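Contents: one structure, followed by commentary.
Every read-out reported here was derived from the displayed coordinates using simple, explicitly stated rules and does not represent laboratory data. As the structure is a prediction and not an experimental result, all values here were calculated from the model. Quick reminder, even Gly has a Cβ in these numbers, built from the backbone with ideal geometry, and neighbours come from all protein chains shown.
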Amino acid sequence: MKYMMMMHAPQGTGDYAINSWSPEDFEAHIAFLQRFNKELKESGEWVDVQALAPPAQAKLVRAGKDGAPVTDGPFPESKEFLAGFWIVDVDSPERAYELAAKASAAPGPGGVPLYTPIEVRPVMSAPPPVDV
Amino acid sequence: MLRHSNTTDTDLGHLLRELAPQVLGAVARRHTDFAIAEDAMQEALLAAAEQWPAEGIPANPRGWLYHVALRRITDRLRSDLARRRREETVASDVWAEWAFVPSPDSDVGMDEDDTLVLLFMCCHPVLTPSSAIALTLRAVGGLTTAEIAGAFLVPEATMAQRISRAKQRIKASGIPFNMPTDGERAQRLSAVLHVLYLIFSEGYTSSAGPDLHRTDLSNEAIRLTRLLRARLPEDGEVAGLLALMLLTDARRAARTGPTGEIIPLDEQDRTLWDQRLIAEGTALVTEALSRGAVGPYQLQAAIAALHDEAARPEDTDWPQILALYGLLKRMSDNPMVALNHAIAVAMVHGPAAGLDLLKPLDTDARMRGTHRLDAVRAHLYEMSGDHNQAITHYRAAADRTASIPERNYLTLKAARLAAGQHTREPTLDADPTSPRT
């Protein structure tokens, strides 16, 4: 079963607080995530991972009356935002939670775990039951 | 292979996939490291797929594959050995045994049971279901890693890793390439049947849209089950599983509409059902049941046969189906069986009786995380004429399924009831004790 694990950067972190960390902290964080991704690939559970550009580059888009895009924003500092996501294919929801907890504890400044909130949701990819 | 476009390719694919488990069995018998044997076999299959279309199919295709697979292993051992020589731990006896590779046209002694041993190994209970499925499709089914990855919509590297880990797990568990002992045989066979049924269910979906490849998994499950049945013709449950697959697959064309939407059993165009499959499945299960030793797959097949032989929904022999679910329920403590039993009770004794039977399932921990209880309850409330309750439970089920076609089906059921458009009368007289909307 497939799950999307969405990493939410907390409110107020704006253009990625990570960019102002010390080089050691930054490198430790990136190394952690690379190791995490490598382990996901080795366990045969990896489907996709994507990181998103910071909210300073985000626009809200709606269709105007003529169908042309009307853009709004960016809103860099205002709210919690999606920093990136994984899609994993695992044997149980518990395994998805376990992976999310691991990602949540990625190290922050001074090596202290960030406990980033990770939203875990099933991807609608199951076959329908044999008999309805 | 799964995606060949012309007949020649398809014929070649069929031949290769038929030979794959036989040759792998012979290689695995000779080389005790199953992981290495399986890799070599996969390389031999790829070499054949590349060379045979251009050079023609060899006179002895089995011998050719065996020869190439063994060559790959000797090449690998030779380079391993060269490395080890520097460490002065030359296993010369190993090398002596492996230096001899029979020529491509020599007759390869094949053991009829090898395919069976392979299935037992790939479906071993030490493996998780997803890795057993992947390994079975590759080692017994002869599918490429790319084809299996395509069927499950995961990257090829991920599937390769899953297969490789499954093989490591087998190696670490020290499972020999042998038939299970008599003592563990029943449990091991039931694991094989379970994996085959999982492959079938994965494939039992719409043939439209992004899930196109999945229907091929149903065909593959049927093919593998036929293979198993050819080796175990006396086993009633193997026959039962094959019959269940055929009798279910017979309804495939009628089961979904043009955009992949689900059409439930009682609304299907029964003229689209495949009578050839129904005849084959019915004969299989009838013969199996006549021998005694009745098991759950035979009972489910018998139920599927009763649905299939009804020309109209109202001709369905529900009392007989209810009796079979009664037997099945006594045989296995499975809440999904209890759910289906409740439906049969509702069809025979009215929806209120069925709804009563669902109550104990509310506290069954195994029902947590499934939407099926809500879906069945919604259906029974709709039968009883209690549309408010039906709408509530259809929506709850729609919120919890992970299947898009099923979500759409359940959502539309709720929406149509809410809009007052129930196109047909409930199948049974409404239960007078239930409030009407």
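Compute and list, largest first, the equivalent-ellipsoid semi-axes of the protein assembly as shown from the alpha carbon gyration tensor, each √(5λ) rounded to a whole angstrom.
Its equivalent ellipsoid spans semi-axes of 43, 39, 21 Å.
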### Task
Any chance you could list P(r) for chain B, counting all Cα-Cα pairs in 10 angstrom bins from zero, rounded to whole %?
4, 18, 27, 23, 14, 8, 4, 1, 0
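Using the number of other C-beta atoms within 10 angstrom as an exposure proxy, rank B:T411, B:T10, B:T144 with the fewest first. Write out the running numbers ahead of the final one.
Details: B:T411 16, B:T10 13, B:T144 20.
Neighbour counts put them in this order, fewest first: B:T10, B:T411, B:T144.
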### Query
What percent does the relative contact order of chain B come to when contacts are Cα pairs within less than 8 Å and at least six residues apart?
9 percent
### Summary
Among the DSSP H helices of chain B, those whose Cα atoms extend at least 24 Å along the helix axis and whose mean Kyte-Doolittle hydropathy is 0.0 or higher are B:34-55, B:182-203
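What are the semi-axes of the equivalent ellipsoid for segment B:117-159, taken as the square roots of 5 times the Cα gyration tensor eigenvalues, largest first, in whole Å?
Details: eigenvalues 68, 26, 7 Å².
Largest first, segment B:117-159 gives 18, 11, 6 Å.
Per residue and in Å³, how big is the convex hull formed by the alpha-carbon atoms of segment B:230-269? Walk me through the intermediate numbers first.
Values: hull volume 3.4 nm³, N = 40.
Cα convex hull per residue, to the nearest whole number: 84 Å³.
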### Task
Just need the relative contact order of segment B:112-232 here, percent rounded to a whole number, with Cα pairs under 8 Å and 6+ apart.
29 percent
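Excluding B:T286 itself, what net charge comes from residues whose Cβ is under 13 Å from its Cβ, given Lys and Arg +1 and Asp and Glu -1? List each step's numbers first, then the result.
Details: positive: B:R291; negative: B:E280, B:E287, B:D308, B:E309.
Residues near B:T286 contribute -3 overall.
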### Message
How large is the translational diffusion coefficient of segment B:3-81 in µm² per second when you combine the Kirkwood radius over alpha carbon pairs with Stokes-Einstein at 4 °C and 1.567 mPa s?
### Response
100 µm²/s
### Query
What pairs in A:K65/B:K413; A:K41/A:K79; A:K2/A:K38 have C-alpha atoms more than 24 Å from each other?
A:K65/B:K413; A:K41/A:K79
### Task
Sort segment B:112-232 into rounded, prolate or oblate with this rule: let a ≥ b ≥ c be the square roots of the eigenvalues of the Cα gyration tensor; rounded if a/c is under 1.5, and if a/c is not under 1.5, prolate when a/b is larger than b/c, oblate otherwise.
oblate
### Task
Among A:W21, A:W86, A:W46, rank each residue by its count of other Cβ atoms within 10 Å, from fewest to most, as a rough exposure measure.
A:W21, A:W46, A:W86
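What average count of beta carbons from other chains do you get within 10 Å of the Cβ of residues in A:117-126?
Values: counts 0, 0, 0, 0, 1, 4, 2, 7, 8, 10.
Rounded to a whole number, the mean comes out at 3.
Longest span of chain B, sites excluded, free of GluC sites (Glu not before Pro) in DSSP loop with at most 12 other C-beta atoms within 10 Å? Numbers along the way, then the final one.
Working: sites that count: B:E87, B:E88, B:E112, B:E234.
That gives B:235-437 as the longest site-free run.
Mind ordering A:105-111, B:245-251 by average Cβ neighbours within 10 Å, highest first?
Order by mean packing, descending: B:245-251, A:105-111.
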## Note on the structure
For segment B:161-317, shape from the Cα gyration tensor axes a ≥ b ≥ c, cut at a/c of 1.5 then a/b versus b/c, turns out oblate
### Summary
A student asked for the Cα radius of gyration and Dmax of chain A in angstrom ought to give 17.6, 57
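Assign one of three labels to segment A:18-71, namely rounded, prolate or oblate, based on the Cα gyration tensor with a ≥ b ≥ c the square roots of its eigenvalues; rounded applies when a/c is under 1.5, prolate when it is not and a/b is larger than b/c, and oblate otherwise. Please report the intermediate quantities before stating the final value.
Working: a/c = 9.12, a/b = 1.76, b/c = 5.20.
Judged from the Cα gyration tensor, segment A:18-71 comes out oblate (a/c at least 1.5, b/c at or above a/b).
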### Task
Take every residue in peptide B:148-158, count the Cβ atoms of other chains within 10 Å of its Cβ, and give the average of those counts.
4
### Query
Taking the Cα centre of the protein assembly as shown as the origin and placing charges on Cβ (Lys, Arg +1; Asp, Glu -1), which of B:L284, A:I30, A:M1 is farthest toward the positive end of the dipole?
A:I30
### Message
Looking at the calculated P(r) for segment B:288-368, what percent of the C-alpha pair distances fall above 15 Å?
### Response
59 percent
